[in-house]
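Worksheet: one structure, shown below.
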Amino acid sequence: MVSKREVLELIGERTGGGKGTSFRRVADDLFISEDAACSHLSRLWHARLIETGDGRAATDLVAAGLSIRELKFRISDRGRARLRWWKEREREREEPW
């Protein structure tokens, strides 16, 4: 099972390299189905942890009739903050009292 964090880390790494991330890249890199990749991207997008390359909102694209399969994503500032938060929680669990 692939976690939201794994998907967000993948998108963050690719964004850092100047690349957008499609549903196919998520599916291929994390060994999940294309439908599962789209589902992950949809949840992350609606939580504003990722954004499209042009920054359009999910509602704008849905209204325009576009599919998540037609888009590439990058990590948002909110997504970077979430990754930092997860890493801080991880460090806290590892540090001895």
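Need pairs with beta-carbon distance below 7 Å; first residue at negative phi and within segment 70-95, second surrounded by fewer than 19 Cβ atoms within 10 Å (Cβ to Cβ) and basic (Lys, Arg); sequence gap 6+ or separate chains.
What qualifies is 76/48; 78/48; 86/5.
Which residues, counting only those in segment 16-46, are among the β-branched types (Val, Ile, Thr) and not in a strand (DSSP E or B)? Walk me through how you get there before you give the answer.
So in segment 16-46, the residues among the β-branched types (Val, Ile, Thr) come out as 21, 26, 32.
If the condition is that a residue be among the β-branched types (Val, Ile, Thr) and not in a strand (DSSP E or B), then 26, 32 are the ones that fit.
Residue by residue, here is whether (1) aliphatic (A, V, I, L, M); (2) buried (at least 16 other Cβ atoms within 10 Å of the Cβ) holds:
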position: 23; (1), (2): no, yes
position: 51; (1), (2): no, yes
position: 66; (1), (2): yes, no
position: 80; (1), (2): no, no
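Is it true that some residue in segment 23-31 is touching a residue at least 24 places away in the same chain (Cβ under 8 Å) and under 18 Å from residue 81 (Cβ atoms)?
No, segment 23-31 has no match at all.
Do any residues in segment 41-53 that are among the hydroxyl-bearing types (Ser, Thr, Tyr) have Cβ atoms under 7 Å from those of residues that are modelled with pLDDT of 90 or more and in a strand (DSSP E or B), where the two are at least six apart or on different chains, and which pairs are they?
From segment 41-53, the pairs are 52/73.
What pairs come up if the first residue lies in segment 6-17 and is closer than 8 Å to residue 74 by Cα, the second is aliphatic (A, V, I, L, M) and part of a helix (DSSP H, G or I), and their beta carbons are under 8 Å apart, counting only those six or more places apart or on different chains?
11/26; 11/44; 12/83
The values are calculated or read from the model by the stated rules, or taken from the named source; none is laboratory data. A quick note: this is a predicted structure, and the numbers were derived from the prediction, not measured. Don't worry about glycine lacking a Cβ; one is built from the backbone with ideal geometry, like all the others, and counts go over all protein chains shown.
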